[in-house]
Amino acid sequence: VKCALLPKEVDDSAIASLLGQLHLKGKKDWRPYEQASFLHRRHYKDNISVPELAKEIPLKARGIKHRIAVIDYMIKQGDNKIERWSHYDELLKNRKIQEAFKDHAGFEAAVIKKIKSGNIKAVEVRDKLKVVCRTKSEKPIKQFIDGSSIDDAVKTAKSLGGDHTSLHKIKRFRLWIVEGDTKRDIKNAPEKIRQEVGWELRKIKTQISNLLKIVE
């Protein structure tokens with residue numbers, strides 16, 4: 001096996017940094033769980049801050065922070081196993097799921113129980129659980145907490161509009177236009193841009209009137 005012999009002055013921290021550069025974004029990438037575990041050790045064991053880690057390895061601070069948080073969460077749940085990395089990764093990625101955990105007592109525990117028992121796949125966390133959490137009704141979430149399968153909860157959520165594409169696009173647009181940053185960005189834009197924005201908004205207003213006739 002070919003190797004490079006490092007000078008004896010190179011300390012463990014520098015070696016760990018080199019390993020990270022080779023295996024986090026190199027020819028021999030570690031799997032996501034292995035990457036996250038490495039970052040977790042560097043952060044807590046070697047006391048390297050997230051900004052410092054971002055300087056020594058080719059990953060953005062936000063991605064590093066997320067990976068460390070996932071390992072933290074897995075340890076907290078007593079389920080730090082490589083085969084379940086994707087489940088917990090998806091849980092922490094999705095804002096709707098996290099909000100549902102905060103708003104519904106017992107929901108997080110029910111999800112974790114199904115993950116540990118193998119009764120829910122990572123792809124179902126990504127594609128189905130978020131549908132259950134999208135609807136404003138508590139019914140599908142309560143159904144899941146009470147022991148129903150993810151498929152049954154999704155079926156209930158869909159009947160309540162939990163996966164309707166147009167509805168969610170309209171909601172996202174509404175939330176975007178009321179943000180302070182959106183208003184400031186338009187207000188501070190050059191006059192020509194504001195004129196174009198005005199033209200677009202008038203067209204949107206016309207289409208909204210047409211859509212309201214359909215729903216009413």
*Round to the nearest 10 and give me the degree value, 0 to 90, for the angle of helix 150-159's Cα axis relative to the longest principal axis of the chain.*
30 degrees
_How tilted is helix 191-215 with respect to the longest principal axis of the chain? Cα atoms for both, answer in degrees (0 to 90, nearest 10)._
60 degrees
*Counting only heavy atoms of the protein chains, get the accessible area per residue of the chain (1.4 Å probe) and round it to a whole Å² value.*
70 Å²
_Long pairs among 93/116; 183/205; 169/192, criterion Cα-Cα beyond 23 Å_ = 169/192
*Using a ≥ b ≥ c from the Cα gyration tensor of region 105-144 (square roots of the eigenvalues), is it rounded, prolate or oblate, where a/c under 1.5 gives rounded and otherwise the larger of a/b and b/c decides, a/b for prolate?*
oblate
*asked:* If I fit a long axis through the Cα atoms of helix 32-44 and take the longest principal axis of the Cα atoms of the chain, what angle between them do I get, 0 to 90°, rounded to 10?
replied: 70 degrees
_region 105-197: Rg to Rh, with Rh as the Kirkwood radius over Cα pairs_ = 1.22
_Share of carbon and sulfur in the accessible heavy-atom surface of region 21-152 [1.4 Å probe, %]_ = 48 percent
_Candidate aspartates and glutamates for bridging to residue 171, where Cα separation is under 16 Å - those fewer than 8 sequence places away on the same chain excluded_ = 163, 179
*Only one of the listed values, [x] 21.2; [y] 22.8; [z] 18.7, was derived from the coordinates as Kirkwood radius over Cα pairs in Å; which label is it?*
[x]
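The values are calculated or read from the model by the stated rules, or taken from the named source; none is laboratory data. Since this is a predicted model, take the numbers as computed values, not measurements. Accessible surface areas use protein heavy atoms only, side chains included; no ligands, DNA or RNA. Shrake-Rupley method; radii C 1.70, N 1.55, O 1.52, S 1.80 Å.
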